[in-house]
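The values are calculated or read from the model by the stated rules, or taken from the named source; none is laboratory data. None of these values were measured; they are calculated from a predicted model. Neighbour counts run over all protein chains shown; Cβ positions are idealised from the backbone, glycine included. Side chains are part of the model used for accessible areas, which takes the heavy atoms of the whole protein and leaves out ligands, DNA and RNA. Shrake-Rupley method; radii C 1.70, N 1.55, O 1.52, S 1.80 Å.
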Amino acid sequence: AKAAGGNRYELADDDSNARVIARHSLSNGLPSALENGEFFIEYQPLVRLADGTVRGAEALVRWLHPVHGVLGPDQFIPLAEDTGLIVPLGRWVLEQAARQARAWQDAPEGEAERLRVNVNLSPCQLSHPTLVSDTVAVLENAGLCPSALCLEVTENDLIGADEDALRPLRQLADLGVDIALDDFGTGYSNLSYLRRLPVSTLKLDRSFTRGMQRAPADPVDVKIVEGIVSLAHTLDLAVTVEGVETAVQAEHLRMLGFDTAQGWYYARPGPPERLHTLALADAS
Ligand code: C2E
Ligand code: CA
Ligand code: CA
Ligand code: CA
């Protein structure tokens, strides 16, 4: 038993060593990755539940690493945040996404005029002094209307933010940019706090809708989610749900009154051209 325990620790040590080394070599490669064009963006459709049409897409960044292959954001965004690279990387994502949204809108088919784009903001970007001017410049350069952009910030990044910290977001909201509270429900913001935030959309974390993947749905989950939807609508906020994986779940969520949904059931994140195909398919 002791030997087995020792083995387990050895494995754990090896494992964490490998992780430290990987972390180290990944963060060394980060700055040049941006210069070398190793990042790319996949887009995952957001579907309007009332009529099933594609409303837009969330931009999700990936890193095509020369040695490790495609890395997901969970593997490098924390490193980019620690090293400060998240600011130029985030600006690059915003630029690409804005240009892409404009391209969708410019497509000759014309059916895609309503397509919008969601971009994730990290806390370092939120507190960066040039967030508002950068965003305005990006929108102008892309020729994109502010209302075609939604910036997603997590609930936890805003908890405790005072009026000064919220000012840049409020300025962007006043310009017409949609602000969504991402991963909603995983933090502890109370009702009165929610009212003070310059947000127009709540994006419910997928942990809340796991109990609805199969019929019958977990009745407690349904009650909680019902409460959140009615709270959001009372506050005049739109509600989006993420992580929708099954048809059963999609139908539950539509009946519960969600405005938009996102998840593998509709489409996995993919190349930007695919979004246009999907939008055209549901418009016909
Ligand atoms: P998020 O903003 O909560 O994004 C949703 C994540 O859920 C994405 O993971 C997406 O691929 C995944 N997902 C979508 N549908 C389903 C589903 O039906 N089932 C399941 N199990 N998962 C689903 P991804 O692409 O790995 O991104 C992870 C996180 O990385 C994002 O979470 C976001 O916080 C962050 N991230 C991605 N792109 C950026 C970026 O450009 N900037 C910043 N700051 N963060 C980013
Ligand atoms: Ca997000
Ligand atoms: Ca989320
Ligand atoms: Ca997340």
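Descriptive notes on the structure:
- Centre-to-centre separation between the Cα atoms of the range 36-55 and those of the range 253-284: 7 Å.
- Computing Rg and the Kirkwood Rh from the Cα coordinates of the range 63-113 gives a ratio, Rg/Rh, of 1.16.
- Summed over the residues of the chain and divided among them, the accessible surface reaches 50 Å² per residue at a probe radius of 1.4 Å.
- Legend: helices of the chain (whole DSSP H runs) are marked when their alpha-carbon atoms reach 15 angstrom or more along the helix axis and their mean Kyte-Doolittle hydropathy is at least -0.5; marked are 86-106, 131-142, 163-175, 219-234, 272-283.
- The range 54-207: radius of gyration over Cα atoms, expressed as a fraction of 2.2 N^0.38 Å: 1.06
- Stokes-Einstein diffusion of the range 139-228 at 10 °C, 1.306 mPa s viscosity, Kirkwood radius from Cα pairs, rounded to a whole number: 108 µm²/s.
- Simple point charges give the picture: +1 on the Cβ of Lys and Arg, -1 on the Cβ of Asp and Glu, and for the range 152-261 a dipole about the Cα centre of about 280 debye.
- Each principal axis of the Cα atoms in the chain has its own extent, and those three values, largest first, are 60, 49, 43 angstrom.
- Sequence of Phe76, Phe40 from largest to smallest accessible area, 1.4 Å probe: Phe40, Phe76
- Antiparallel DSSP beta bridges within the chain, as percent of all bridges there, nearest 5: 40 percent
- Share of carbon and sulfur in the accessible heavy-atom surface of the chain [1.4 Å probe, %]: 53 percent
- With the largest listed first and rounded to whole Å, the semi-axes of the equivalent ellipsoid of the range 126-171 from the Cα gyration tensor are 22, 12, 8.
- Protection proxy ranking, peptides 164-173, 150-159, average beta carbon neighbours within 10 Å, highest first: 150-159, 164-173
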